Amino acid sequence: MAVLAGGCFWCVEAVYKQLDGVSSVRSGYAGGTAETADYQTVCGGTTDHAEVVEVRYDPAKIGFGQILKAFFSIAHDPTQLDRQGPDVGRQYRSAIFYTTEGQKRVADSYIAQLDRAKVFDRPIVTEVAPLERFYEAETYHQDYAARNPLNPYILFNARPKVEKVRKHFADRLKGAASRS
């Protein structure tokens with residue numbers, strides 16, 4: 001399982017739903033100090049939670065490294081501090097909430113490699129922190145992009161990311177093996 005924060009969870013969820021080996025993606029909240037989290041309080045800025053996605057995957061089909069590759073190359077811009085595109089606030093920060101020390105090592109190493117290679121023009125601001133607790137988001141947030149494909153926010157923010165993942169991860173998409 002991977003728990004990632006990269007701006008609005010609708011967009012990040014839409015990216016990971018495309019990938020083969022990903023069995024489920026749930027939108028939620030993590031990384032805050034309050035004992036509970038819901039959309040209203042998280043967006044109110046009083047809990048310090050981030051909008052996140054919980055990605056469950058089969059490591060025999062897709063590894064944590066590939067999950068991170070999609071995260072850093074498509075799902076969000078890791079150089080934006082406390083914002084992604086039109087969404088501004090700490091709840092939209094870039095973060096990896098690790099569940100094992102192995103995930104922490106891989107995440108730290110991946111970020112260091114990107115920094116050394118100067119992949120981005122600005123410094124990466126992605127936080128790497130332990131997952132304390134995941135709070136599932138409200139039902140209406142789950143699978144939002146798929147259920148609301150004509151929503152203007154989805155058209156301008158999530159759809160380009162889905163198209164990019166389909167182009168750059170064509171061999172890793174659900175059903176790709178059956179098409180070859």
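Packing order of peptides 62-72, 145-155, highest average first: 62-72, 145-155 (average count of other Cβ atoms within 10 Å over each peptide's residues).
Entry note, the chain: the mean residue ellipticity at 222 nm calculated from DSSP H runs of n ≥ 4, each adding -39500 (n - 2.57), is -8000 deg cm²/dmol after division by the residues and rounding to the nearest 500.
The amide H of Arg83, built 1.01 Å from its N in the peptide plane, has Gly89, Ser94 as neighbours under 5 Å, considering only residues 5 or more places off or on other chains. If Lys and Arg each add +1 and Asp and Glu each add -1, what is the summed charge of the other residues whose beta carbon sits under 12 Å from the beta carbon of Val162? So the environment of Val162 carries a net charge of +4.
Under the criterion of Cα pairs below 8 Å and six or more residues apart, the relative contact order for region 11-97 equals 30 percent.
Calculated FRET efficiency, Glu163 to Ser24, Cβ-Cβ distance, R0 = 25 Å: about 0.65 to the nearest 0.05. As a rough footprinting exposure proxy, the listed residues Thr139, Thr47 were ranked by other beta carbons within 10 Å of their own, and the order from fewest upward is Thr139, Thr47. Converting phi to 3J(HN,Hα) with the Karplus coefficients 6.51, -1.76 and 1.60 and the offset θ = phi - 60°, region 81-93 yields 8, 6, 5, 8, x, x, 8, 10, x, 4, 5, 9, 5 Hz in sequence order, with x at every glycine or proline. Put the Cα centre of region 19-84 next to the Cα centre of region 138-180 and the gap is 15 Å. With the chain treated as a Gaussian network of Cα nodes joined by springs under 10 Å, which of Tyr16, Tyr140, Tyr92 yields the largest mean-square fluctuation? Ranking Tyr16, Tyr140, Tyr92 by mean-square fluctuation puts Tyr140 first.
None of the figures in this text is laboratory data; all of them are computed from the coordinates on show. Everything numeric here is computed off the predicted structure, so don't read it as measured data. Quick reminder, even Gly has a Cβ in these numbers, built from the backbone with ideal geometry, and neighbours come from all protein chains shown.
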